[in-house]
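Okay, structure first, notes after.
We did not get these values from a lab; they are worked out from the coordinates using the rules stated. This is a predicted model, so every value here is computed, not measured. Cβ atoms come from the backbone with ideal geometry, glycine included; neighbour counts cover every protein chain shown.
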C-alpha cells in the first residue's frame, strides 16, 4: 500500500538537496510525496543539527509532529540524529512520541569519541527505538581500504569489504534498516547477495574487522565522510573534503599523483589549504566534529612545501 510522505527541510542548502534526493527515492518506491504533514502517513523532519537556528526549528517541528500524531493526523515520525548521546537521551526523554532514530553507525566510528556511534545506539536501545543506519561504509572509506587492511578481509575468502561493513552494523539488535548508497548494478548485486540470506559476523569475521579497525586507527587518517556541509559556507570556497581525500590517499598509498591533484584539480588561486581564514564556520557544521582549521594547516604543510634549493 503506498504511503503519503511529507518532508520538512531545515538548515542549510545541503539539507534541501538531501531532502530532494529522499523525495525522489520515496516516489520511485511507489509512494506519494505531499506538501503538508497534516494528513500524511509519515512525516520526515530533515534538519542540520549544527546550526542553532535549525536546532530550534527542529524542536518546534518535533512538537508540532507530536501534536499531529496525537490528533491522528499523521501515523509515524522519527528523527535523524548527529550529536552527542546525552543530547539524544534528553530528546527521547522529552519526546517519547518519536518512533525511530537514524544515526551514523559503522565499525570505525563505533567507539569514536566525537561521533559516539555506540553510545547513541545504546540510548536508542534503552528507549526501545528502532535504528536506521546511515554511513555504514563511512562515505566509501570502508570500501577502498589500505592494502594491509584489505588483506585482512581477503584472507577470510568470504566477501567484499562492503559486505563486512554492512553485516557488522546489520547484526546488532534493533537495526530496522541499513542505508547503503550504490553507484552501479555491480554494487547493488553485491549488497543483495549478502543481505538476501543475512548472517551476522561470526567470531572469526568479527576479530578480522577489529584488526582492520586497529590498522585504520594507526594510519591516523582524516575521518571525513565528504558530506560537504563545510564547503557551503566557506568564504574562500576551499574544497575541504577533496583536500582531505588527497591527504588520506597520500598517507595510504604514498601516491605521488596526489600532489598533481592538489595543484591542478582541487585547488585554484586563493582556494588552497593555506588560504583558510580560520573563521571556523566549517567546524560548526561538521557532523564528524573535525578540527578542520588545524587539519588544513597539515594539508598545506604537506602539499605546499617550498621547492628544494639547488
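In this calculation the C-beta distance from residue 281 to residue 16 is compared with R0 = 22 Å, giving a FRET efficiency of 0.75.
Averaging the sequence gap over all C-alpha pairs within less than 8 Å and six or more residues apart, then dividing by the number of residues, gives the chain a relative contact order of 13 percent. Sorting the segments 96-106, 140-150 by their residues' average number of neighbouring beta-carbon atoms within 10 angstrom, most packed first, yields 96-106, 140-150. Helix 85-94 and the longest principal axis of the Cα set of the chain meet at an angle near 10°. Anisotropy class assigned to the range 114-189 is prolate, per the alpha carbon gyration tensor with a/c at or over the 1.5 cut-off and a/b larger than b/c. Each Cα pair under 8 Å and six or more residues apart adds its separation to the average, and for the range 155-310 the resulting relative contact order is 19 percent. Axis angle, to the nearest 10 degrees, between helix 117-126 and the longest C-alpha principal axis of the chain: 10 degrees.
What is the calculated FRET efficiency for residue 301 to residue 29, with r their C-beta to C-beta distance and R₀ = 41 Å, to the nearest 0.05? The computed FRET efficiency comes out at 0.30. When the helices in the chain are scored as -39500 (n - 2.57) per DSSP H run of 4 or longer and the sum is shared across all residues, what 222 nm value do you end up with, to the nearest 500 deg cm²/dmol? That comes out to -14000 deg cm²/dmol.
Once you have a ≥ b ≥ c as the square roots of the Cα gyration tensor eigenvalues for the chain, tell me rounded if a/c is under 1.5, and otherwise prolate or oblate according to whether a/b is larger than b/c. Cα axes put the chain in the oblate bin. Compared with the dominant principal axis of the Cα atoms in the chain, helix 52-70 is inclined by about 30°.
Highest mean packing first, where packing is the average number of other Cβ atoms within 10 Å per residue, the peptides 60-71, 238-249 line up as 238-249, 60-71.
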